[in-house]
Amino acid sequence: MNLLERFQHTLIESGRIILRPMAEGDAENIVRWRNDPDIGKWLFASSQITQQSHREWFRKPKLDRLDFIICLRATMQPIGTVNFTNIDFDLRHAEAGKLLGEKAYRRQGLAKEAFREWLKFGFTGVGFDRVFIRTRSANTGNIRLNEALGFRVVGDAEHPWGDTEAISDSLVMRLTREDALR
């Protein structure tokens, strides 16, 4: 079953944010955010995307990833995304990602709040034992945020889920269920 279908009615609520499943109508925001040079410099996929290419990607079944939108609770304005990719249900782990696209809402703790709830959902709602993050080693703000949530560096340019592609300027961080739910 497509993971988006499995969780299509899931809302994850927190103090200032709500996480909801990504919809095809989110294409305009996602394209704008991903094509922003300030964001793009930290992404591992460096090519520009279009609304058409995003919509085509969105319509394909996704068996190993789950994408949600971060919305402001008060207005439901979309401000970013969270996701799980490279999901392995047998090994009970996934790679996680976050993107706070709206610049006006950065440095307010919203990404941390959203990602904390997303991780909690991954451990308790989806059933992961471990979650990994790849981050650019120069992205010190992201590394500090991840560490504040309990992630620890476990390697550089090595992908613990068996992926052979190595990215030389990246770190791999890991969070276990036990550490996350303390």
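The values are calculated or read from the model by the stated rules, or taken from the named source; none is laboratory data. Keep in mind that this is a model prediction, so the values were computed, not measured. Glycine also receives a Cβ, built like all others from the backbone with ideal geometry; neighbour counts cover every protein chain displayed. For accessibility, only protein heavy atoms count, side chains too; no ligands or nucleic acids. Shrake-Rupley method; radii C 1.70, N 1.55, O 1.52, S 1.80 Å.
Below are the figures for this structure:
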quantity	calculated
Point-charge dipole on Cβ atoms (K/R +1, D/E -1) for region 1-112, about Cα centre, debye to 20	360
Candidates Arg130, Arg20, Arg106, ranked by Gaussian network fluctuation over the chain, Cα under 10 Å, top entry	Arg106
Sulfur and carbon atoms: percent of accessible area, region 48-131 [1.4 Å]	49
The chain - Rg and Dmax from Cα coordinates, angstrom	15.4, 43
Residue-span extension gain [Thr50 to Arg136] - 0.36 nm each, minus C-alpha spacing	28.6 nm
With eigenvalues of the C-alpha gyration tensor scaled by 5 and rooted, region 1-100, Å	20, 18, 14
Top of Ala96, Ala114, Ala23 by mean-square fluctuation, Gaussian network on the chain, Cα under 10 Å	Ala23
Candidates Trp57, Trp42, Trp118: whichever shows maximal mean-square fluctuation once the chain is modelled as a Gaussian network with Cα springs under 10 Å	Trp57
For the chain, share of DSSP beta bridges that run antiparallel, in % to the nearest 5	90
Structure-based [θ]222 nm, the chain - -39500 (n - 2.57) summed over DSSP H runs of at least 4, per residue, nearest 500	-7000 deg cm²/dmol
